[in-house]
1. Report, in debye and to the nearest 20, how large the dipole of segment 4-63 comes out about its Cα centre when Lys and Arg carry +1 and Asp and Glu carry -1 on their Cβ.
2. Among M24, M1, M33, rank each residue by its count of other Cβ atoms within 10 Å, from fewest to most, as a rough exposure measure.
3. Return a whole-number percent for the relative contact order of segment 4-63, with Cα pairs under 8 Å and 6 or more residues apart as the contact set.
4. So for L18, L64, fewest C-beta neighbours within 10 Å to most, what's the order?
5. Relative to 2.2 N^0.38 Å, what does the C-alpha radius of gyration of the chain come to as a ratio? Two decimals please.
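Values in this text are rule-based calculations from the coordinates and carry no lab data. Predicted model, so just to flag it, every value in this text is computed and none were measured. For neighbour counting, all protein chains shown are included, and Cβ atoms are generated from backbone atoms with ideal geometry for every residue, glycine included.
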Amino acid sequence: MTSAIELVVAAYVETNQLSALQDMKVHREGLAMSIRNRTDFNFWVLLGQLDDDIREIEAGIRRLRAAVEDRSASEL
């Protein structure tokens, strides 16, 4: 089953929205950093999900950059 983040990332890749992907990554990294420092509760499930999201977003960024490079190379 495809996760929500995979669908969102795929849509951003399809529409060439690199800045949106980068913003999503920065936002999730900030969330992860803020809860890693908390000592009042164990947020390991949430941290795991954020880490998974970040990996998926990074993969989307790589796919989008590769597609841009391929288009640039074919125009030469």
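1. Working: 7 positive and 10 negative charges, 29 e Å.
I would put it at about 140 debye.
2. Details: M24 21, M1 3, M33 10.
Ascending Cβ contact count within 10 Å gives the list M1, M33, M24.
3. So the answer I get is 52 percent.
4. Ascending number of Cβ neighbours within 10 Å: L18, L64.
5. 1.32
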